[in-house]
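Report on the following structure.
The values are calculated or read from the model by the stated rules, or taken from the named source; none is laboratory data. Just so it is clear, the structure is predicted and the values come from calculations on it, not from any experiment. All Cβ positions, even for glycine, are placed from backbone atoms using ideal geometry, and neighbour counts span all protein chains on display. Heavy atoms of the whole protein, side chains included, go into the accessibility calculation; ligands, DNA and RNA do not. Shrake-Rupley method; radii C 1.70, N 1.55, O 1.52, S 1.80 Å.
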Amino acid sequence: MTAPPAARARTVPGPTDRVVVVGAGVSGLAAALHLLGTGREVTVLERDPHPGGRAGRLDIGGFRLDTGPTVLTMPELIDEALAAVGASAGGALELVRLDPAYRARFADGSVIDVHTGAEAMAAEVRRVAGDREAQGYLRLRRWLGRLYELQLRRFIDTNFDSPLQLLCPELARLAAIGGFGRLAPAIGRFLSDERLRRLFSFQSLYAGVAPQRALAAYAVIAYMDTVAGVYFPKGGMRSLGTVMADAAVKAGGEIRYGCDVRRLERRGDRVTAAVTADGDRVGCDAIVLTADLPMAYRLLGRTPWRPVPLRFSPSAVVLHAGTDRTWPQLAHHTVSFGAAWERTFDEIIHRGATMTDPSLLITRPTATDPDLAPAGRHLMSVLAPCPNLRTGPTDWRRAARPYRDHLVDTLEARGLSGFGSAITAEHLITPEDWSRRGMAFGTPFATSHTFAQTGPFRPRNTVAGTANAVLAGCGTTPGVGLPTAVISGKLAAARIAGAAAVRRKAR
């Protein structure tokens, strides 16, 4: 899948036969699968009673909620991890490719469906904005594809030990096509319609940077969403963790649920065991930690020095609602844009305020899988980006209910008439809830993707002073998002078993 790196990345020295993985999220499970494929003995310790990590689950009133990611892109990365132990998602995971991938609804009443097929999307752009914009879209699509090809091989699926590893032919090619410019102007080279510009740049919000300031290279997220395709697994996103965990156990791995790791035992610069809240001691030759960075550093007793403190992405309030009716104007994923755009980023990133004119991601999973709700009922989640607890120290115990009501009122004003009265079951998640789950400053989107936290400058998956501990998850390399979390597990495994062994078993 990937070319070998320009320089061989460092690996854990000494014995690595027994590996403990802390956390059964997708990064930890990917690491476990790749390590099992290279013959390691792997024990996964997970505090929850089920796999998935941030891709969490909650069942209320017959509704099966996914409490974490709702957008699945690049499912071949899941297949690659499963292939490491000779398994496949084919028989266990039923994926539906969503068409449209998204539906965008704008404050002026216009609607744009995002299709991943070139001809279908060009026709949609032509319908709403004319032939010139359609031609611009096709040029943008080709640029996004080139951007993805250049980055995946050398900058995403790669362990960095030094910024000098950037000195490769791909770096010059990436610069030549504008990858080190700013995202919004880069999209603007192809599209002049403001609505279309938003569609291909809003994803940077989840990377913690406004489109006007984000690197153009992060248009790679738009490639994943709008070209490679968006999928949904029958049974919900929770199916991903279940399939990966089942494959790991079948391959000889052990997963212990209800095990909250509280401390690590060390001998010199090596971790020798993980100790749980119940006092169980699990010995190891190497360890993979998937907790958010501050928690992982606390366990290790070491925090890497950085010239400036880590910056964290905005958080989100998520309203999960089971309803007794639905609204046909909603697709599986609908982005409801407010009229304000640049102000929105200023509010949540710089001013520490909730959005006065919110842009929302509405997911209706029962549009694809009705079995996620009782017969005749429907399930929706409404994600509203908001400041993290460092940027905006809101008292969410007081603010949660009023903000929930504000979201309901906003949706009703935007055409979801009767939404509030249609809710029969609900669950609200705020930054304080994310914080209680151990996510730094109450954000599930971890460290932001500023230039100083990108590529070789992102917090590395090794920690100075500890020889046999490796990090995985969205806080470390390569970054935020479900696909990159899966890659981070693979990169952690490569630190332990060697990149060549991991690549060979994943084929």
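Regarding region 9-77, what is the average projected area of its C-alpha convex hull, in nm²?
Averaging across all directions leaves 6.5 nm² for the Cα convex hull.
Between the alpha-carbon centers of region 30-66 and region 391-423, tell me the distance in whole angstrom.
Taking the Cα centre of region 391-423 as reference, the centre of region 30-66 is 31 Å away.
How are the Cα pair distances of the chain distributed, in percent, across 20 Å bins from 0?
Going from the shortest bin to the longest, the percentages are 24, 59, 18, 0.
Sort 208-218, 171-181 by packing, meaning the average of other beta carbons within 10 Å per residue, with the highest value first. Spell out each step's value before the answer.
Working: 208-218: 22.3, 171-181: 15.3.
Packing proxy ranking, top to bottom: 208-218, 171-181.
Using a cut-off of 15 Å between beta-carbons, work out the net charge of the residues near ASP395 (Lys and Arg +1, Asp and Glu -1, ASP395 not included). Numbers along the way, then the final one.
Details: positive: ARG390, ARG397, ARG398, ARG401, ARG404, ARG436; negative: GLU432, ASP433.
Neighbourhood net charge equals +4.
Dipole of the chain (Lys/Arg Cβ +1, Asp/Glu Cβ -1, origin at the Cα centre): which of GLY91, GLN329, VAL282 lies farthest to the positive side?
VAL282
Set the Förster distance to 30 Å, then compute FRET efficiency between ARG139 and LYS234 from the Cβ-Cβ distance, nearest 0.05.
On the way: r = 36 Å, r/R0 = 1.20.
The calculated FRET efficiency here is 0.25.
Place a +1 charge on the Cβ of each Lys and Arg in the chain and a -1 charge on the Cβ of each Asp and Glu, then give the dipole magnitude about the Cα centre in debye, rounded to the nearest 20. Let's see the in-between values first.
Working: 62 positive and 47 negative charges, 289 e Å.
Computed about the Cα centre, the dipole is about 1380 debye.
Considering every pair of different Cα atoms, what Kirkwood radius, in Å, is found for region 311-418? Don't jump to the answer; show the numbers that get you there.
Details: mean 1/r = 0.0677 Å⁻¹.
After inverting the pairwise mean of 1/r, the radius is 14.8 Å.
Please compute, for the alpha-carbon atoms of region 343-494, the extent along each of the three principal axes and give them in descending order in Å.
57, 39, 25
Direction-averaged shadow area of the convex hull around the Cα atoms of region 1-119, nm²? Before the final figure, lay out each step's value.
Values: hull surface 52.1 nm².
Approximately 13.0 nm², given one-decimal rounding.
May I ask for log10 I(q)/I(0) of region 188-347 at q = 0.10, 0.13 Å⁻¹, from a Debye sum over the Cα atoms as equal point scatterers with solvent left out?
-0.68, -1.01
Roughly to the nearest percent, how much of the accessible area of region 8-66 is carbon and sulfur, given a 1.4 Å probe?
On the way: 1020 of 2180 Å².
The C+S portion of the solvent-accessible surface of region 8-66 is 47 percent.
If I model a spin label at ARG343 and ARG126 as a point 7 Å from the Cα along the Cα→Cβ vector, what separation in nanometres do I get?
3.7 nm
Please find the FRET efficiency linking ALA500 to ARG325, where r is the Cβ-Cβ separation and R0 is fixed at 60 Å, and quote it to the nearest 0.05. Spell out each step's value before the answer.
Values: r = 55 Å, r/R0 = 0.92.
Working from the Cβ atoms, E equals 0.60.
State the antiparallel share, in %, of DSSP beta bridges confined to the chain, rounding to the nearest 5.
Numbers: 47 of 67 bridges.
Around 70 percent antiparallel, to the nearest 5.
At a 10 angstrom cut-off on C-beta neighbours, averaged per residue, how do the peptides 15-28, 376-389, 329-342 rank from highest to lowest?
Working: 15-28: 25.2, 376-389: 22.8, 329-342: 18.8.
So the peptides 15-28, 376-389, 329-342, ranked by packing, come out 15-28, 376-389, 329-342.
For ALA273 and PHE457, calculate 0.36 nm times their separation in residues minus their Cα-Cα distance, and state this gained length in nm to one decimal. Working shown, then result.
Details: separation 184, 0.36 × 184 = 66.24 nm, distance 2.96 nm.
Net length gain for the segment: 63.3 nm.
Roughly to the nearest percent, how much of the accessible area of region 327-482 is carbon and sulfur, given a 1.4 Å probe?
Details: 2920 of 5540 Å².
Solvent-exposed carbon and sulfur of region 327-482 make up 53 percent of the total.
Restricting things to Cα coordinates, could you compute the convex hull volume per residue of region 167-266 in Å³?
On the way: hull volume 23.8 nm³, N = 100.
Roughly 238 Å³ of hull volume per residue.
Using the heavy atoms of the protein chains and a 1.4 angstrom probe, tell me the accessible area per residue for region 83-163 in square angstrom. Present the calculation step by step, with values, prior to reporting the outcome.
Numbers: 3610 Å² over 81 residues.
In whole numbers, region 83-163 has 45 Å² accessible per residue.
Which whole-number percent gives the relative contact order of the chain, counting Cα pairs below 8 Å spaced six or more residues apart?
Details: 1080 pairs, mean separation 127.1, N = 507.
25 percent.
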